[in-house]
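Taking it in order: structure first as structure tokens, then the write-up.
Each value in this text was obtained by applying a stated rule to the coordinates, not by laboratory testing. All figures in this text were calculated on a predicted structure; none of them were measured in a lab. Here Cβ is always computed from backbone atoms with ideal geometry, including for glycine, and neighbour counts include all displayed protein chains.
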Amino acid sequence: MKFSYRAAALGAIGALTLAACSSTDTPSDAESTSPTGDSSAAANAPLLNLGMVDAPGQGGFVAADMSFATKAPYGQAVYDTLIRATPDNQLEPSLATAWEYDETGLVLSLGIRDDVVFTDGTPFDADVAAQNILRFRDGAAENANWLANVADAVATDPTTLEITLSAPDPALLLNLSRAAGYQESPASFDDPAPVGTGPYVLDEARTVTDATYTFTANADYWAPEYQHYDEIVMTVFEDPVSMQNALLGNQLDAALYSGYDGFDQIVGAGYTAHEYAQDWEGLLLFDRGGQLSEPLADVRVRQAINHAIDKEGLLQALAGGRGEVTTQIFGKNTEGFSEELESRYPYDPELARELLDEAGYGDGFTIEFPTVSFVPPATFDLVGQQLADVGITASFYEVAPQDYFGVMLGGQTPIASMRLEQPATAWETYNLELAVSAPWNAFHEFDETVASYGELLQSSVPEEATLAASELNAHIVEEAWFNPWYRTVTTFYTDAETDVTPQVGNIYPYLWNIVPTEG
Amino acid sequence: MGRFITRRVISGISLLFVISSAAYLLLYISSGDVARNLLGPTATDEQVAAKAAELGLDQPLLTRYWDWLTGALTGDFGTSWASRAPVTEVLGGRVSVTLTLVIAAVIVSALGAIVLGTLAASRGGWSDRTIQVVSLIGAAVPGFLIAMLLVLFVAIDLGWFAATGYVRPTESFSGWIQTAVLPITALAVAGVAAVTQQVRGSMLDEQRKDYVRTLECRGLSRRSIVFRHVLRNAATPALNVLALMFIALLGGAVVVEQVFAIPGLGKLTVSSTLTGDVPVIMGIVVVTVMLVVAVNLLIDLIQAWLNPKVRLS
């Protein structure tokens with residue numbers, strides 16, 4: 001039985017993507033008072049069979065505890081968010097009609113719709129919104145930190161929600177368009193059965209937990225332009241081979257594909273492949289302070305590793321050539337990305353050996369390197385061989401899948417192989433991988449230069465932020481904090497009756513952007 | 001008979017206790033940082049600690065096991081850590097799916113084996129040799145490979161059956177046929193192969209016995225001797241193999257359900273093991289042990305019915 005690294009990585013990306021957030025592309029206020037769907041409220045298509053790579057997870061359907069990323073469609077089926085994001089993350093009204101920060105940037109006022117009712121009949125108002133905000137902040141969602149800066153949320157009147165922050169948070173509005181903005185009926189807070197205002201209702205009688213989830217259209221949905229189907233069936237495929245079979249057997253209308261191969265056959269079966277670069281794969285050189293592996297503290301050693309790895313070779317061998325070689329953790333659409341930096345670390349074992357020699361490791365050194373079953377063994381074979389070619393001995397040891405994240409994020413390994421999200425914005429990238437508190441800065445090394453760029457990203461005007469992003473990215477590449485190999489391609493398939501618009505910054509397209517084709 | 005059943009039930013309960021205790025201990029040793037894995041890499045340490053406390057992971061092993069055991073005795077197997085649904089609810093919908101597939105596969109195995117085994121034993125010659133070779137191949141090819149070949153050629157290329165998924169017979173019988181035939185076939189191939197060999201061997205042994213010659217001398221037809229006497233006497237060892245097959249098929253369902261994306265006990269076993277969902281895994285252990293005990297008891301009773309010489313007490 002094959003367990004896919006890709007499937008595991010896609011699942012992991014849920015948490016990775018969304019550790020941090022940004023709103024550099026977020027308007028500071030909005031005056032529109034009605035939602036602006038890009039499709040008219042035509043008659044719904046009867047059924048959407050959607051392929052999922054994972055189940056809702058530990059949060060179930062409790063809005064305050066739900067995950068996002070690959071699991072976004074579950075929540076988006078049942079719950080509306082306060083704000084809605086377009087595919088390129090422009091923010092539009094949803095349950096909130098308008099929003100505005102005060103001059104300190106610490107108080108956000110949102111106008112709340114007064115004509116929306118939960119599917120259990122409970123009216124939605126600002127007080128309900130305040131309760132949901134505080135519940136998510138205090139809940140067990142893996143992204144509860146999205147609202148970590150929320151000091152309080154109160155309804156000043158039934159149509160005005162006031163959120164007070166303990167510190168400025170440019171990510172807040174974008175997060176309110178994600179799981180942090182889900183609105184659940186207070187009457188169902190203590191009931192695992194979800195009750196929202198959203199376009200669909202979970203049909204529990206036709207749902208098998210962790211396997212198949214059936215949703216039926218909410219007949220009284222207040223924003224019918226975002227509801228496209230009478231029924232949606234979401235089927236979980238933990239095994240990419242079975243998802244491939246379901247696609248080849250034309251059992252799915254749309255699916256985020258978790259497999260490594262079979263792309264041509266799936267297109268041959270009549271599907272359209274929507275491809276987008278969503279993540280990068282490579283080595284995380286965690287121990288830049290040299291706590292566990294002293295050589296890694298020397299930038300020349302980290303640069304040597306970057307020269308020692310044959311990125312193109314790995315792309316062909318491990319990803320079948322589906323991707324683009326890169327040196328950067330910043331995505332192609334992220335501000336700060338530089339085409340010039342892509343050639344910074346060509347494959348050059350000779351140069352790598354020289355750099356190691358300069359650093360005093362001409363005789364090589366040994367580094368502890370964890371392996372895990374969901375990363376294909378070929379990855380470790382090839383990387384181990386290429387490191388050995390320049391004198392670095394990777395001392396591999398097996399880590400159980402359930403312990404791998406703990407080992408990486410707990411600062412227990414100097415180096416690891418992983419696939420990580422390339423967020424839409426530099427601010428997200430900073431908070432995910434670079435800030436001193438960032439989860440993927442596992443040793444939480446403080447770097448004054450990086451921190452100063454972080455401050456600029458958070459507070460400066462957009463032009464300065466872009467400049468800061470460029471300089472931050474160049475600094476990270478030069479300091480070789482990571483050893484990216486390539487940007488991988490995420491593939492979302494739709495059949496002839498279905499179309500999709502992928503979402504910038506989220507691996508799973510938003511549910512309302514999966515639509516029936518016209519005619 | 002009553003004493004026999006009581007004794008077997010008591011030994012089954014003892015077995016259940018021993019296996020569940022061992023499973024709980026093994027899960028305790030190998031579970032890793034469950035709270036961290038459930039919450040993901042971006043959760044704060046405080047969140048992880050709160051989750052661990054919520055799940056009772058901060059309690060000593062004995063306390064956790066005692067809580068689980070006392071709950072289980074009252075039918076409360078707790079709540080799934082991975083999905084928050086009650087374990088009984090998670091298992092409830094799935095046990096019937098797996099049992100339907102496995103029982104169907106056992107029936108197919110039994111019928112197929114009786115036909116092929118009888119044919120091989122009574123005809124001999126090329127029929128026997130062909131059936132033996134085919135049985136050997138059937139026993140040698142792994143179930144998952146058969147499952148994948150069936151999906152590729154029968155479901156995808158020919159389009160005769162669904163490639164993945166499962167429809168309950170209560171919802172739609174034709175839907176059930178569409179989704180269940182291939183997994184049942186994949187499960188049954190090894191069963192047919194193994195039991196055929198057993199039926200063939202037992203029948204050949206029986207045919208050499210004196211009572212068969214006596215029956216022949218008394219003028220009974222060959223058909224009557226084979227089906228009314230030889231097959232009945234040969235059934236005892238075949239039934240034992242069939243019982244073992246039932247238990248093996250429960251294991252085989254893990255792989256087959258994964259290939260066909262069937263929401264059964266097997267698929268749940270994989271997913272709950274990967275997430276370290278202890279309450280669900282323990283629920284699966286209990287259900288599986290109970291099934292094994294029940295099947296063994298049932299086989300004993302059938303054997304007594306088929307062959308009065310088998311003394312249960």
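For chain B, the residue among B:LEU187, B:ILE137, B:LEU231 whose Cα projects farthest onto the positive side of the dipole built from Cβ charges is B:LEU231.
Charge tally for A:ALA63 (other residues, Cβ to Cβ under 11 Å; Lys, Arg +1; Asp, Glu -1): -2.
The magnitude of the dipole of the protein assembly as shown, with charges of +1 and -1 set on the Cβ of Lys/Arg and Asp/Glu and taken from the Cα centre, is near 7520 debye.
Taken residue by residue and averaged, Cβ atoms of other chains lying within 10 Å of the Cβ of B:42-53 number 4.
The phi torsions of region B:193-206, fed into the Karplus equation with coefficients 6.51, -1.76 and 1.60 and a -60° offset, translate into couplings of 4, 5, 6, 4, 4, 5, 4, 4, x, 5, 5, 4, 4, 5 Hz, rounded to whole numbers, with Gly and Pro shown as x.
Between A:PHE374 and B:ASP45, the modelled labels are 2.5 nm apart [label points 7 Å from Cα along Cα→Cβ].
Listed values for region A:260-274 are Karplus-derived 3J(HN,Hα) couplings in whole Hz (6.51 cos²θ - 1.76 cosθ + 1.60, θ = phi - 60°), namely 9, 9, x, 4, 5, 4, 5, 5, x, 7, x, 8, 9, 8, 9, and x replaces Gly and Pro. For A:ASP287, no residue 5 or more places off, or on another chain, has a built amide H under 5 Å of its own. Exposure proxy for B:TRP126, B:TRP66, A:TRP485, A:TRP280: other Cβ atoms within 10 Å of each Cβ, ordered fewest to most, give B:TRP126, B:TRP66, A:TRP280, A:TRP485. Per-residue mean of foreign Cβ neighbours for B:269-279 is 3 (Cβ atoms of other chains, 10 Å radius). Applying the criteria of a DSSP loop state and at most 11 other Cβ atoms within 10 Å to the GluC sites (Glu not before Pro) of region A:463-519 yields A:GLU518. From its DSSP helices (H runs of at least four residues, each -39,500 (n - 2.57)), the protein assembly as shown gives a residue-normalised ellipticity at 222 nm of -14500 deg cm²/dmol.
Only alpha carbons enter this Debye calculation for the protein assembly as shown, each as an equal point scatterer, and the log10 of I(q)/I(0) it gives at q = 0.09 Å⁻¹ is -0.94.
From the alpha carbon centroid of region A:197-211 to that of region B:1-31 is 36 Å.
With respect to chain B, whose longest principal axis is taken over its alpha-carbon atoms, helix B:2-30 is tilted by about 40°. Take each residue of peptide A:235-244, count the partner chain Cβ atoms within 10 Å of its Cβ, and average: the result is 5. The distance from the alpha carbon centre of region A:265-289 to that of region A:106-155 is 34 Å, rounded to a whole number.
When the Cα positions of A:THR207, A:ASN473, A:GLN58 are compared along the charge dipole of chain A, A:THR207 comes out farthest toward the positive end, with charges on each C-beta of Lys, Arg, Asp and Glu.
For region B:94-275, the Cβ-based charge dipole about the Cα centre amounts to some 620 debye (Lys, Arg positive; Asp, Glu negative; other atoms uncharged). In this label model, B:ALA140 and B:ALA53 are separated by 6.1 nm, measuring between points 7 Å along each Cα→Cβ vector.
With 0.36 nm allotted per residue and the present C-alpha distance subtracted, the A:VAL267-A:ASP115 stretch has 50.3 nm of extension available.
The residue among A:VAL301, A:TRP280, A:TYR260 whose Cα reaches farthest toward the positive pole of the charge dipole of region A:257-311, with charges on the beta-carbon of Lys, Arg, Asp and Glu, is A:VAL301.
For the pair region B:147-202 and region B:268-300, the centres of their Cα atoms are 23 angstrom apart. All other residues with a Cβ under 11 Å from the Cβ of B:ALA120 taken together, and with Lys, Arg as +1 and Asp, Glu as -1, what is their net charge? Taking every other residue near B:ALA120 into account, the sum is +2. Taking amide H positions as modeled 1.01 Å from N, with prolines and chain starts lacking one, the residues under 5 Å from A:ASP499 and 5 or more places away or on another chain are A:VAL515, A:THR517.
The calculated FRET efficiency for the pair B:ARG232 and B:TYR28, based on their C-beta separation and a Förster distance of 56 Å, comes to about 0.70. Database remark: amide H of A:GLY259 closer than 5 angstrom to no amide H (H placed geometrically; neighbours at sequence offset of 5 or more, or on other chains; Pro and chain starts carry no H).
Label positions at A:LEU292 and B:SER224, each projected 7 Å from the Cα along the C-beta direction, are separated by 8.0 nm.
Phi angles of region B:72-79 translate, via the Karplus equation with coefficients 6.51, -1.76, 1.60 and θ = phi - 60°, into HN-Hα couplings of 4, 5, 9, x, 9, 8, x, 10 Hz per residue; Gly and Pro are given as x. Over all other residues within a Cβ to Cβ distance under 15 Å of A:VAL236, the charged ones net out to -2, with Lys and Arg as +1 and Asp and Glu as -1. Relative to the longest principal axis of the Cα atoms of chain A, the long axis of helix A:448-459 lies at roughly 20 degrees.
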